[in-house]
1. Mind ordering 92-99, 12-19 by average Cβ neighbours within 10 Å, highest first?
2. Give me Rg/Rg_expected for the range 48-113, where Rg uses Cα atoms only and Rg_expected = 2.2 N^0.38 Å with N residues.
3. Which trypsin sites (Lys or Arg not before Pro) does the range 20-66 hold that lie in a coil by DSSP with at most 13 other beta carbons within 10 Å?
4. Report the relative contact order of the chain, percent, no decimals, based on alpha-carbon pairs under 8 angstrom and at least 6 residues apart.
5. Note the full-extension length gain between residue 105 and residue 14 as 0.36 nm times their separation in residues minus their Cα-Cα distance, in nm to one decimal.
6. Which residue, 28, 60, 107, has the largest displacement toward the positive end of the dipole of the chain when charges sit on each Cβ (Lys, Arg +1; Asp, Glu -1)?
7. Using a 10 angstrom cutoff on alpha carbons, build the Gaussian network for the chain and name the most mobile of 101, 28, 38.
8. Residue 97 versus residue 68, label points 7 Å from Cα toward the beta carbon: distance in nm?
Amino acid sequence: QGIKLDQCANSTLCLPEKPKLVVGLKGATSNFFIDNAAYTQFLFKTFGVTSLDMESSAVVMTCLSNGYPVIAIRGLSDLARTQKGDNTIRLFGSLAALNTAKVVIGFVKSLSINHISRF
Ligand SMILES: *[C@@H]1O[C@H](CO)[C@@H](O)[C@H](O)[C@H]1NC(C)=O
């Protein structure tokens with residue numbers, strides 16, 4: 001918490017609201033890109049899913065099937081078709097990646113040596 005996230009992709013393109021770090025919501029992951037309002041609303045109503053990605057599944061499956069714990073820290077770049085107009089991933093994907101990297105660095109820095117165990 002408290003990590004300052006960037007709001008602008010460049011000098012002329014900014015998010016309408018400040019991005020924020022949210023901890024503990026229910027994310028879902030799959031192996032395909034979801035850009036469909038009806039499907040995202042179904043996932044929310046049925047499973048309480050608040051975010052979607054298409055990368056964590058591979059990492060999580062690889063870690064868990066080899067006996068390693070895993071934490072996924074994800075940056076969201078778009079509203080999966082619940083927005084007005086075009087999907088914003090091409091505009092804000094790099095900003096989301098930058099902000100996610102800041103969060104990962106902040107998370108790793110916050111770990112004390114006592115939290116790191118050997119497998
Ligand atoms: C900012 O990014 C947008 C979207 O990629 C692009 O169209 C625009 O030219 C960029 N502006 C500058 C100043 O780089």
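1. 92-99, 12-19
2. Dividing the Cα Rg of the range 48-113 by 2.2 N^0.38 Å gives 1.33.
3. 20, 26
4. The normalised contact order for the chain reaches 25 percent.
5. Result for the pair: 30.5 nm of gain on full extension.
6. The Cα lying farthest towards the positive end belongs to 107.
7. The residue with the greatest mean-square fluctuation here is 38.
8. The answer from the label model is 2.2 nm.
Values quoted throughout were computed directly from the atomic coordinates according to the rules given, and no laboratory measurement underlies them. Computed from a predicted structure; not experimentally measured. Don't worry about glycine lacking a Cβ; one is built from the backbone with ideal geometry, like all the others, and counts go over all protein chains shown.
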